[in-house]
Amino acid sequence: MDDDHANGDRDRLDKAGIEQLIAAYPRLADRIRQDLLIALHSRGVATIDDIYRAARARARRAEAEQAAPEGDNVQVARRWDDVERRHIRDIVLEHVAEHLTREEIEDLVNLTRKRRKAQSLEEIASLSSVSFDLLAEKVREFCRLPEGQTTLSKGESTSVRVALIRNFITEQLQLLGVARHYLRIRDFDDLLGRIVGDEEGAGLIGGKAGGMIIGAKILEAEMAADPTAPQVPLRTPESFFLRSDVMEHFVRHNGLQQLQDHKYREIDEIRNDYPMLQELFKNGEFPAGIERRLAAVLERVGTHPLIVRSSSLLEDRFGASFAGMYRSVFVCNQGTKEERLTELTGAIAEVFASSLHPDPLRYRKRHDLLDFDENMAVLIQKVVGNTVGHHYLPTWAGVGLSRNLYRRNPRIKPEDGMVRIVFGLGTRAVDRVASDSPRLIPLGQPAVRPEIKTVDVVRASQQKVDLIDLSTNSFATRRIAEVLAGPGRIPGLGQVFSELDGDYLRPLVGGGLLVDPEDLIVTFEQFTTSTPWPAFLKWGLKTLERVYGCPIDIEFAFDGENVYLLQCRPQAMPRTPTAGELPTDIPLDRRVFSATRNIIAGSVREIRYIVLIDPRDYNALTTDERRLAVAAVVRKLNQRLADERFVLMGPGRWGSRDLRMGVPVTYSDIDNTRMLAEIARKQGGYTPDVSFGSHFFQDLVESDIAYLSLYPDESENEFDEALLHGTPNALPDLLPEFAGLADVVRVIDVPAFRGGLHLRVEMDELTQEALGFLA
């Protein structure tokens, strides 16, 4: 016998061999035979009618059928009897042995096994209360089956995927409708091995974790299917998922159940109690079983730095992203096992406590989500980056938006999207920091930037970097030159830095090893002109927007080799995107202020109160105590004027980390205003941050709060000092207890002193003009 003939025999199974294969699964034997019959029919080998007629002939029943009475209304309904069934089985096996290879037969047998496992999995997943361990074991049983060439039908697999998504990831119908097209049943095998929770419990991994997983799966699938897509190495960080029910167990374990009514209290009471609640959570203990599982997580990740992130069931949903509302805590993860575990559990407890912070509670109330029984899931991730000396940081990180609301010139198209990118950890991209500004890159015109002269590029460049300091075991901010001068080398520096040579900026060559760190300027010039990243980010954001059916917001980081997707959620968009209509016939005595930079289309009308904190007055404050007192006035005015239409106008950067650069407010301090204006004076150094893409800005957008930058000392802009500084101050009447700050905080009751007129603000994005006037 030649080799080809021998190989052909090995590729086939005879009838006895097929019977032996079926006998290995006695409970599924009838189902396997039925699926083999259906396969013969669907592949055109032999129809069911052909096989049935052959079986009837072997049973010598054909003559009896021919003798049956005929007539238009006569039908004989027959079921196969035992003799016929035996012949049908034989004929099916004969056809299978003749026409199908061993591999095809084994594939069909495994398909029957998959169907049975999938049906069992769906039935268990659909139960109202099923333990995590039982459902996880059923998933693993399914995933242990060979994949094979023949798969479950789309309907069969979709119903199982939906049940699993609902049990482990999200119950939001919109997100579920997206996820079911991209998550495979087998994707849950790895996921379940990374979920931390009690065996008998049940909970979800939350919005942030689910969005990251789903977004990555979408991009992975669409990149493979789209020949025009930029092919880049896309990853997600190694992650672990603390289920949402763990917080409930933690609360019960520490006797904190009485805090459930905290969300219904008055905002002042919530704010006053929060520091105490935070300490109660941070000093609470986890159930022993959860601590063991968290210790096992630390065994897997070693001493790699971690970030503990909120993943609330309410987070990153359609219509309410909760951007920056909850805590994220960096865990340096150095020291002994006990020290590392203490640091990790403390960080998780701090994230739990942030669900009771006044900001998310006010946000929930505004979005009619206060009655939702929220349990906080937690996402534990390896921080993306590299160890450089005693520092740990990524090469770059940032946030991307599929819709660019910041059109600084007509060439920039909103649908092309934009990124807000920084050197180092992405905290400086999503938070409002002091004097630094991230690089804003319109993805349709990535090389376009508002600065033209070298001196302006240098002045606008990032000066400090956020990183993890492994020597002090802490999150830290350092001067960039200091980090670059230290030991070690950061991969991909040429994408971020240019060399300042006199009055010129030159591309960085050779990794910048021979350049004075003080002459390295963050420009992202080669990132925009010589890498695939802008094209990939533009394609990725467009793809995600198409699949989700709405604008998308992502966070990402780059370690010098791979780009990592950290977050994916619907982008906050203005509820009233109507373009402002700038009138041309407003007399001078009714024009209050104008602006010609950073304009987003919008209109704010019938404003009664202007709350003004002039940068000159704020700059004169000499202590942080007085600056914090100004923030307290703003907080009280936000409550006092909650039923009025008012605007806030203040120095530099509202909500900045640095008290000297802006009034230190948070979302719950300003959420009732109709517009937030940031004023930059030539004296005092206040510079409004182009905050598009930051968490602060996203929260303004979702709350329908307009934003405007004002430069009153520039000759082309108007700023009515007589009205804004000469009108009687209503602060002592509104808040007598803060009358002592009337020299810093001015409240103008516009109609009371301007004959019933109100302030109106129109903002035209296309012309980059805005006008505030009395109407």
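In the chain, the calculated helix contribution to ellipticity at 222 nm averages -11500 deg cm²/dmol per residue, counting -39,500 (n - 2.57) for every DSSP H run with n ≥ 4.
If you wrap the tightest convex hull around every Cα atom of segment 229-321 and split its volume per residue, you get 175 Å³.
In this structure, Glu137 and Ser42 have a Cβ-Cβ separation that, at R0 = 30 Å, corresponds to a calculated FRET efficiency of about 0.35.
With a cut-off of 14 Å between beta carbons, the residues surrounding Ser239 carry a summed charge of +4, where Lys and Arg count +1 and Asp and Glu -1.
Ligands, DNA and RNA left out, the 1.4 Å accessible surface of segment 716-775 is 55% carbon and sulfur atoms. Can you bin segment 291-410 into rounded, prolate or oblate? Criterion: square roots of the alpha carbon gyration tensor eigenvalues sorted a ≥ b ≥ c, rounded for a/c under 1.5, prolate for a/b above b/c, oblate for the rest. Oblate shape, in that a/c is at least 1.5 and b/c is the bigger or equal ratio. The Cα-based radius of gyration and maximum Cα-Cα distance (Dmax) for the chain are 32.7, 112 Å. The dipole here belongs to the chain: it is taken about the Cα centre, uses +1 on the Cβ of Lys and Arg and -1 on the Cβ of Asp and Glu, and is about 440 debye.
Treating the angle as unsigned and between 0 and 90°, give the value, to the nearest 10°, between the Cα long axis of helix 132-143 and the longest Cα principal axis of the chain. It is inclined by approximately 60 degrees. For Leu505, neighbours were defined as the other residues whose beta-carbon sits under 13 Å from its Cβ, and their charges (Lys and Arg +1, Asp and Glu -1) total -3. Solvent exposure of the chain, expressed per residue, is 44 Å² of accessible area, with all protein chains present and a 1.4 angstrom probe. Only protein atoms count toward the accessible area here, which uses a 1.4 Å probe; on segment 162-210, the carbon and sulfur part of that area reaches 42 percent.
Taking a Cβ cut-off of under 11 Å around Leu741, the surrounding Lys, Arg, Asp and Glu residues balance to a net charge of +1, with basic ones at +1 and acidic ones at -1. Which entries in Lys382/Lys464; Lys382/Lys453; Lys365/Lys636; Lys154/Lys538; Lys15/Lys138; Lys208/Lys365 show an alpha-carbon gap greater than 28 Å? Exceeds cut-off: Lys382/Lys453; Lys154/Lys538; Lys15/Lys138. Loop exposure criterion: chymotrypsin sites (Phe, Trp or Tyr not before Pro), DSSP state outside H, G, I, E and B, at most 14 other Cβ atoms within 10 Å. Applied to the chain, the longest stretch between such sites is 373-775. Do you know the relative contact order of segment 311-379, to the nearest whole percent, from alpha carbon pairs under 8 angstrom that are 6+ apart? Relative contact order here is 45 percent.
Probe radius 1.4 Å, ligands and nucleic acids ignored: give me the carbon and sulfur share of the accessible area of segment 517-575 as a rounded percent.
48
Given +1 on the Cβ of Lys and Arg, -1 on the Cβ of Asp and Glu, and no further charges, what dipole in debye does segment 172-268 carry about its Cα centre, rounded to the nearest 20?
180
Sequence-distant contacts, meaning Cα pairs under 8 Å at least 6 residues apart, place the relative contact order of the chain at 11 percent. Measuring from centroid to centroid over Cα atoms, what is the spacing of segment 586-622 and segment 498-576 in Å? Centre-to-centre distance over Cα atoms comes out at 33 Å. Distance from the C-alpha centroid of segment 10-60 to that of segment 431-475: 68 Å, rounded to the whole angstrom.
The values are calculated or read from the model by the stated rules, or taken from the named source; none is laboratory data. Computed from a predicted structure; not experimentally measured. Reconstructed Cβ throughout: ideal geometry from the backbone, glycine too, with neighbour counts over all protein chains shown. Protein only, heavy atoms only, side chains kept; ligands, DNA and RNA dropped before computing areas. Shrake-Rupley method; radii C 1.70, N 1.55, O 1.52, S 1.80 Å.
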